[in-house]
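Below: one structure, written as structure tokens.
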Amino acid sequence: MTDICDDAQAAEVYIRLEALASVPFPDQGEAQRVEGGQVVCLDCGEPVAPARLAANPTVTRCVECQAEQEHLRRQLSGHRVT
């Protein structure tokens, strides 16, 4: 049985996931953001690790933000409302 807090949390997650659904994937034209000669994460603004760039020179997010993005997209794929 759910209470008002559970319902509020579910509504917040749903709204967040729907908003993220409109964020394009990197292969949909996201460009790297360069500041001070360094590629910085599109989400947190921190520099992307050189090792990550060496492994994939086109990345647009740091490891942590990319993992969060992928986690939220997996959640969204199971909660899409048509």
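The values are calculated or read from the model by the stated rules, or taken from the named source; none is laboratory data. All values derive from a computational prediction rather than experimental measurement. When we count neighbours, we look across all protein chains shown, and the Cβ atoms used for this are built from the backbone with ideal geometry, even at glycine.
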Output for Cβ contacts, cut-off 7 Å, separation at least six or different chains, first residue modelled with pLDDT under 85 and surrounded by fewer than 14 Cβ atoms within 10 Å (Cβ to Cβ) in segment 69-82, second not in a loop (DSSP other than H, G, I, E, B) and not aliphatic (A, V, I, L, M), reads HIS79/TYR14
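Yes or no, residue by residue, for (1) modelled with pLDDT of 90 or more; (2) exposed (fewer than 11 other Cβ atoms within 10 Å of the Cβ):
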residue	(1), (2)
LEU20	no, no
PRO24	no, yes
GLY29	no, yes
GLN38	yes, no
PRO50	yes, yes
